[in-house]
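*Asks:* Structure incoming, see below.
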Amino acid sequence: MARVAPQPFYASDRVKATYVTGREPRLVVSFTGIGKPDTRTQDEEFVGYGSQDGRNHVLFVADTLRSWYNDPGIYDEIVDTVARYKSKHSIADTVSFGNSMGGNGAVIFAGAIGATRCLSLSAQYSADPTIVPEETRWREYRDKIAEFTRPPLETTITPGCQYFILHGGGDVERPHWSRFPKGGNIHHYLVGGAGHGVGRRLKSSGLIKPATHFAIAGRPRAFRMALKDGLRLHRPK
């Protein structure tokens with residue numbers, strides 16, 4: 001799949017937003033993860049798969065502080081950035097995507113940006129150690145968060161959105177997937193043997209395209225059927 005180079009849309013000392021335009025009035029907002037440990041920048045994710053060969057607009061949003069959107073005021077700054085893009089391009093349909101910290105963002109912001117579908121991979125339920133005390137990863141970034149302003153994901157779920165949630169099964173991710181809420185609009189599955197690398201498993205198995213396609217289309221049964229065998233999908237207990 002040919003990669004389209006995203007263009008700058010907005011930047012501050014804590015938010016970076018880049019975009020690719022699409023032919024149709026649909027916007028995929030892709031929230032980036034923390035990035036590789038040895039790099040200062042965060043690469044845009046889901047570039048081609050979010051765009052769907054140029055059909056969709058894609059806005060890539062990065063919390064450059066790696067604060068899990070907790071820095072005071074950053075939440076409203078991101079919501080405003082997405083709203084300005086939607087207004088400028090007359091967007092009629094919005095979807096949120098994200099992996100890891102970005103998966104957390106995809107769920108957190110879905111309601112506020114008017115998303116009606118959300119695809120979230122390996123999302124942290126919360127970065128707050130008082131809420132998820134078992135989590136000890138990403139301390140380099142989490143220890144710098146002076147104030148945890150974002151509530152756990154359960155409180156951000158909105159009935160107007162379909163959530164497609166994938167986590168790696170097992171004990172490493174258990175502190176997060178075990179806390180996720182259940183509901184008729186929450187299509188939550190565990191990927192056998194994936195750990196935190198659900199995104200890598202989707203790519204290596206050739207299933208990233210159907211996963212993104214059916215999430216964008218809002219087709220939960222087709223999503224499950226396309227992934228269940230290749231990823232050994234099962235429901236959390």
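*Asks:* How many of the residues in the range 114-129 are open to solvent by less than 10 Å² (accessible area, probe 1.4 Å) and either β-branched (Val, Ile, Thr) or part of a strand (DSSP E or B) (or both)?
*Replies:* Result for the range 114-129: 4.
*Asks:* What is the residue count in the range 140-161 for residues that are more than 16 Å from Ser100 (Cβ to Cβ), open to solvent by less than 50 Å² (accessible area, probe 1.4 Å) and not in a loop (DSSP other than H, G, I, E, B)?
*Replies:* Residues meeting the conditions: 1.
*Asks:* Take Leu202 and tell me if it is under 15 Å from Ser120 (Cα atoms), in contact (Cβ under 8 Å) with a residue 24 or more places away in the chain and touching a helix residue (DSSP H, G or I) at 6+ places or on another chain (Cβ under 6 Å).
*Replies:* yes
*Asks:* Taking Val132 and the conditions (1) open to solvent by 10 Å² or more (accessible area, probe 1.4 Å); (2) more than 21 Å from Gln52 (Cβ to Cβ), which numbered condition does it fall short on, given that it satisfies the others?
*Replies:* Among (1) open to solvent by 10 Å² or more (accessible area, probe 1.4 Å); (2) more than 21 Å from Gln52 (Cβ to Cβ), Val132 violates only (1).
*Asks:* From the list Ser126, Ser205, Ser120, exactly one residue is of a type in the set (Ser, Thr, Tyr) and farther than 16 Å from Asn104 by Cβ. Which is it?
*Replies:* Of Ser126, Ser205, Ser120, the one residue that is of a type in the set (Ser, Thr, Tyr) and farther than 16 Å from Asn104 by Cβ is Ser205.
*Asks:* Right, another one. I need the full set of residues from the range 167-187 which are touching a Lys or Arg at 6+ places or on another chain (Cβ under 9 Å) and closer than 17 Å to Ala115 by Cβ, in order please.
*Replies:* His187 - this is the single residue of the range 167-187 that is touching a Lys or Arg at 6+ places or on another chain (Cβ under 9 Å) and closer than 17 Å to Ala115 by Cβ.
*Asks:* Have a look at Phe180, Phe164 and point out the one that is of a type in the set (A, V, I, L, M, F, W, C) and outside any strand (DSSP E or B).
*Replies:* So the residue among Phe180, Phe164 that is of a type in the set (A, V, I, L, M, F, W, C) and outside any strand (DSSP E or B) is Phe180.
*Asks:* Tell me which residues, restricted to the range 78-107, are under 28 Å from Arg201 (Cα atoms), open to solvent by 10 Å² or more (accessible area, probe 1.4 Å) and outside any strand (DSSP E or B).
*Replies:* Scanning the range 78-107 gives a single hit, Ser100.
*Asks:* Would you check if Val172 is in contact with a Gly (Cβ under 7 Å, 6 or more places away or on another chain), farther than 22 Å from Asp71 by Cβ, open to solvent by 50 Å² or more (accessible area, probe 1.4 Å) and not charged (D, E, K, R)?
*Replies:* In short, yes.
*Asks:* Also: Can you name every residue in the range 50-65 that is part of a loop (DSSP other than H, G, I, E, B) and either crowded, with 22+ Cβ neighbours inside 10 Å or without any contact (Cβ under 8 Å) to a residue 60 or more places away in the chain (or both)?
*Replies:* Passing the criteria: Asp53, Gly54, Arg55, Asn56, Thr64.
*Asks:* Quick one: in the range 14-25, of everything that is touching a residue at least 40 places away in the same chain (Cβ under 8 Å) and under 19 Å from Gly105 (Cβ atoms), which residue is surrounded by the fewest Cβ atoms within 10 Å (Cβ to Cβ)?
*Replies:* Arg14
*Asks:* Confirm whether Arg137 is open to solvent by less than 50 Å² (accessible area, probe 1.4 Å), farther than 17 Å from Pro181 by Cβ and basic (Lys, Arg).
*Replies:* No, not satisfied.
*Asks:* Which of the residues belonging to the range 66-116 are more than 21 Å from Thr155 (Cα to Cα) and without any contact (Cβ under 8 Å) to a residue 12 or more places away in the chain?
*Replies:* Selection gives Ser87, Lys88.
*Asks:* Further question on the same structure: Only one of these is under 22 Å from Glu154 (Cβ atoms) and either in contact with an Asp or Glu (Cβ under 6 Å, 6 or more places away or on another chain) or not charged (D, E, K, R) (or both): Gly206, Gly195, Gly183, Gly199. Name it.
*Replies:* When all the criteria are applied, what remains is Gly183.
*Asks:* On to the next question. Test Gly193 against the criterion of being at positive phi and open to solvent by less than 50 Å² (accessible area, probe 1.4 Å), and give yes or no.
*Replies:* no
The values are calculated or read from the model by the stated rules, or taken from the named source; none is laboratory data. These numbers were taken from a predicted model, which means no experiment stands behind them. Cβ: placed from backbone, ideal geometry, glycine included. Neighbour counts: every protein chain shown. These accessible areas exclude ligands, DNA and RNA; they are computed on the full protein's heavy atoms, side chains included. Shrake-Rupley method; radii C 1.70, N 1.55, O 1.52, S 1.80 Å.
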